[in-house]
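The next block holds one structure in the form of structure tokens; read it before the comments.
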Amino acid sequence: MDIRKFTYPARGSELWKQLYKERTAVERVNAYLKQYFQLKNVRHRTGIKGKLHFNLVTFIYNACKLAVDRINAQLKAINQVA
């Protein structure tokens, strides 16, 4: 039996569609980080420095996204009141 033909979850099922959406979202974030945070050009000789660089980049990205989400929520609340 070829496991590549019969995967779990079944291709085209609702669970497969949800997992595929999550995967594409992660790939978009990875592409963004590679382009704008220079993750393509990491030049560290040890894995420790490379991992630290990656962790700092993801921390900064998540902090920026959190700040933007909070600002947008505040603006939305102000616009609903007005």
Being closer than 30 Å to Tyr8 by Cβ, surrounded by fewer than 12 Cβ atoms within 10 Å (Cβ to Cβ) and either in contact with a Ser or Thr (Cβ under 9 Å, 6 or more places away or on another chain) or free of Cβ contacts under 8 Å to residues at least 12 places away in the same chain (or both) narrows Arg23, Arg45 down to just Arg23
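Evaluate the range 60-74: report whether one residue or more is part of a helix (DSSP H, G or I) and in contact (Cβ under 8 Å) with a residue 24 or more places away in the chain.
yes
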Might you check whether a residue that is in a helix (DSSP H, G or I), of a type in the set (S, T, N, Q) and at pLDDT 90 or above occurs anywhere in the range 41-48? no
Here the residues within the range 26-42 that are exposed (fewer than 11 other Cβ atoms within 10 Å of the Cβ) and either in contact with a helix residue (DSSP H, G or I) (Cβ under 7 Å, 6 or more places away or on another chain) or not polar (S, T, N, Q) (or both) are Val26, Glu27, Arg28, Tyr36, Lys40
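The values are calculated or read from the model by the stated rules, or taken from the named source; none is laboratory data. Keep in mind the model is a prediction, meaning the values are calculated, not measured. Cβ coordinates were reconstructed from backbone atoms using ideal geometry, including for glycine residues, and neighbour counts include every protein chain displayed.
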